[in-house]
Amino acid sequence: MRNSVIQKTILYIILAMGVILTVGPFYWMIVGATNPSGETLRIPPRLIPGSYLMENLNHLFASVDIWRSFLNSAFITITYTFLAVLISAAAGYAFAKYQFRGKEILFSAFLISMMIPYQALVIPQFELFSTLGLLDSYSAIILPQLAYPFAIFLMRQNMQSIPDSLIEAARVDGAGEFFIFFRIGIPTMLPAITAVSIFLFTHQWNNFLWPLVALISEEQYTLPVALATLAGQRSIDYGQLMLGASISILPIFILFLFLQRYFIAGIISGAVKE
Amino acid sequence: MNTPSPVPHPENPATQGKTKKRNNFVSIQRAPYFFLFPAAVLFLLFTAYPIVHSFILSFQTTTEEGRVFVGLDNYIRLFQDRLFYESLGNTLIILVFQVPIMLFLALILANILNSGFIRFKGFFRVSFFAPAVTSLVAASIIFLLLLHQDYGLVNYLLSIAGLNSVGWLNDPLGAKISLILVTTWRWTGYNMVILLAGLQNIPKHLYEAASIDGASKVRQFFSITIPQLKPVILFAAVISTIGTLQLFDEPYTLTNGGPIHATTTITMYLYRNGFEYFDFGYGSAIAYVVVLIIAVLSLIQFKWAGVER
């Protein structure tokens, strides 16, 4: 029995070290956000949160319009998530519950496109949006990935478990196809829809390369682009930078803490087949 | 329903006008096309068309008279471009160290969390997974400060331990190591969650039988856990390889590809050519080389896993 106590202790130490390494940087971010830049850069550094939060916030406002970026990010992400979930749920439902011509070809096209790295699309998408005159707009960020193949794939996998008898019964009662989708398909699939929504929300909130390319004027910047611009300045004020990082991380963390079951379900449903 | 219709068809006259009168303008035959229409149109316009366009662009170059076809010139130039090789080399070095280290750590953590006697599993899982949901830019900013050569916490801790400070972001080797560290920090928990789900799918009776036969824990790990987990490890390896080959956000914010070109990854080089030098043709050729490399590496990983089974 002695052995197993030692063994357990070692395992807990490994886990504790893991927690320090993964969560530690976030703690450091809070220390940085609540102290003057000088305090964080002092030797030895100050290791506890301070009371300089409001000053850092004022400095941050003076350097970038962080609220504007926050609202840009929020509007883009929420609109995107809502539309993308609806579009992928409808497509997933069609793939899962109907037989029709062209089904195999279309589904394979979606699957194959998942293997193409996103960077290969950035240049032609830039040209396309510049032709459409949509660069530097919200639609430029929302439109390109509305039909997100991975989300469609996940939706199809989950929609297959809707009982056909339920759909048939509704048809016998005279319900139309759209009515069935909205009143039976979506409600029975709420957990999967939540998982996919969270996946898409996180993806868009953190999206960086495409907004960096497609957004030109500062008042259109999303949070990651605004932060990267701030970090690229010649003289860096770490206090405001850490505060900016906190502001961009906070919404996702809150979402994550409440809905972590769905975050994890979203990842697993792609990896492990039942 | 008092008139049972033989075919439950919404446009069947037997059901029409009966009970609930709904405007069934969409037949079962046509419904899937309506459901797929938005996804298909958006996909064709914003994914399929750019894929094809990018391929065409890679055979073109921009001159004063506009775009002209230059055949394989972009690809030939690529194979003579020292910076292309350097950025490809950087990416592969990062890949070769980062993916195995990360999967190894993820496997250890998943196994610990899968053992019966560990408590607070939820807490540990949330902590390890947290980096995966944070924005890469925000994470890079935190590490910018942590890894600062003169004022960073990491070098301060090293100095307490009596070690020399390391140029985490200013030294060619240090910068590569930093990128590996930050990428591993971000994705280990994500892979751990995938592996943990795989571990939980392994039938318990396999272990019970092995225990009865007197196989040690270590023996069980190598002869049951690893083979059973192989498909899931493969999945994690493939997505991690694709992710690392596309590494962009971290080097862009952490090191901006430097010092000199030490952390210029292949996608950063693509970005430079496309959006700093506006050489779209050359950039597209780089993109297609990345596509090719990803396809080949994925194939190798599948083959390797298939042969070993």
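The values are calculated or read from the model by the stated rules, or taken from the named source; none is laboratory data. Just so it is clear, the structure is predicted and the values come from calculations on it, not from any experiment. Note: ideal-geometry Cβ built from the backbone for every residue, glycine included; neighbour counts use all protein chains shown.
Summary table below
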{"read-out": "Candidates A:ILE112, A:ILE66, A:ILE123 - the one that is touching a Phe, Trp or Tyr at 6+ places or on another chain (Cβ under 6 Å) and at pLDDT below 90", "value": "A:ILE123"}
{"read-out": "Residue in segment A:22-30 that is aliphatic (A, V, I, L, M), in contact (Cβ under 8 Å) with a residue 60 or more places away in the chain and part of a helix (DSSP H, G or I) present", "value": "yes"}
{"read-out": "B:LEU153 under 26 Å from A:ILE247 (Cβ atoms), facing chain A (nearest Cβ under 7 Å) and buried (at least 18 other Cβ atoms within 10 Å of the Cβ)", "value": "yes"}
{"read-out": "Checking A:ALA147 against (1) surrounded by 22 or more Cβ atoms within 10 Å (Cβ to Cβ); (2) farther than 30 Å from B:TYR49 by Cβ; (3) of a type in the set (Gly, Ala, Ser), the condition it does not meet", "value": "(2)"}
{"read-out": "Set A:LEU134, A:LEU121, A:LEU154: member being assigned to a loop (DSSP other than H, G, I, E, B) and among the aliphatic types (A, V, I, L, M)", "value": "A:LEU134"}
{"read-out": "Some residue of segment B:110-118 being modelled with pLDDT under 85 and under 25 Å from A:LEU259 (Cβ atoms)", "value": "yes"}
{"read-out": "Selected residue [within 12 Å of chain B (Cβ to nearest Cβ), part of a helix (DSSP H, G or I), aliphatic (A, V, I, L, M) and within 23 Å of the chain's Cα centre (by Cα)] from A:ILE87, A:ILE105", "value": "A:ILE87"}
{"read-out": "Residue in segment B:92-143 that is nearest to the chain's Cα centre (by Cα), counting only those that are not β-branched (Val, Ile, Thr) and not in a helix (DSSP H, G or I)", "value": "B:SER135"}
{"read-out": "Residue count, segment A:137-151 (criterion: in a loop (DSSP other than H, G, I, E, B), over 22 Å from A:GLN99 (Cα atoms) and hydrophobic (A, V, I, L, M, F, W, C))", "value": "2"}
{"read-out": "So B:THR188, is it closer than 25 Å to B:ILE141 by Cα, more than 10 Å from chain A (Cβ to nearest Cβ) and within 21 Å of the chain's Cα centre (by Cα)", "value": "no"}
{"read-out": "Number of positions in segment A:132-160 that are more than 8 Å from chain B (Cβ to nearest Cβ) and either over 27 Å from A:ARG68 (Cα atoms) or not polar (S, T, N, Q) (or both)", "value": "20"}
{"read-out": "Boolean, B:VAL166 is out of contact with any strand residue (DSSP E or B) (no Cβ under 7 Å at 6 or more places or on another chain) and within 13 Å of chain A (Cβ to nearest Cβ)", "value": "no"}
{"read-out": "Test: residue in segment B:212-227 that is in the same structural domain as B:MET102 (by TED's automatic domain parsing), out of contact with any strand residue (DSSP E or B) (no Cβ under 8 Å at 6 or more places or on another chain), closer than 24 Å to B:THR183 by Cα and buried (at least 19 other Cβ atoms within 10 Å of the Cβ)", "value": "no"}
{"read-out": "Answer from A:THR202, A:THR229, A:THR194 - the residue that is touching a residue at least 40 places away in the same chain (Cβ under 8 Å), surrounded by fewer than 23 Cβ atoms within 10 Å (Cβ to Cβ) and at the interface with chain B (Cβ under 9 Å from one of its Cβ atoms)", "value": "A:THR202"}
{"read-out": "Unique match (being assigned by TED's automatic domain parsing to the domain that holds B:LEU147, surrounded by fewer than 16 Cβ atoms within 10 Å (Cβ to Cβ) and assigned to a helix (DSSP H, G or I)) among B:PHE275, B:PHE302", "value": "B:PHE302"}
{"read-out": "Qualifying residue in segment A:208-217 (condition: at the interface with chain B (Cβ under 8 Å from one of its Cβ atoms), closer than 19 Å to B:GLU276 by Cβ, in contact with a Pro (Cβ under 7 Å, 6 or more places away or on another chain) and not small (Gly, Ala, Ser))", "value": "yes"}
{"read-out": "Candidates B:LEU88, B:LEU83, B:LEU92, B:LEU72, filtered to the one that is farther than 30 Å from A:LEU250 by Cβ and either surrounded by 18 or more Cβ atoms within 10 Å (Cβ to Cβ) or among the acidic types (Asp, Glu) (or both)", "value": "B:LEU88"}
{"read-out": "Every pair of residues 6+ apart whose Cβ atoms lie under 6 Å, when the first sits in segment B:266-285 and is under 14 Å from A:GLN125 (Cα atoms) while the second is hydroxyl-bearing (Ser, Thr, Tyr) and surrounded by 23 or more Cβ atoms within 10 Å (Cβ to Cβ)", "value": "B:SER284/B:SER54; B:SER284/B:SER58"}
{"read-out": "The one condition in (1) surrounded by fewer than 17 Cβ atoms within 10 Å (Cβ to Cβ); (2) without any contact (Cβ under 8 Å) to a residue 24 or more places away in the chain; (3) assigned to a helix (DSSP H, G or I) that A:SER51 fails to fulfil", "value": "(3)"}
{"read-out": "Residue ID - modelled with the highest pLDDT, chosen from residues in segment B:16-52 that are outside any helix (DSSP H, G or I) and among the hydroxyl-bearing types (Ser, Thr, Tyr)", "value": "B:SER27"}
{"read-out": "A:LEU128 vs. criteria without any contact (Cβ under 8 Å) to a residue 40 or more places away in the chain and part of a helix (DSSP H, G or I)", "value": "yes"}
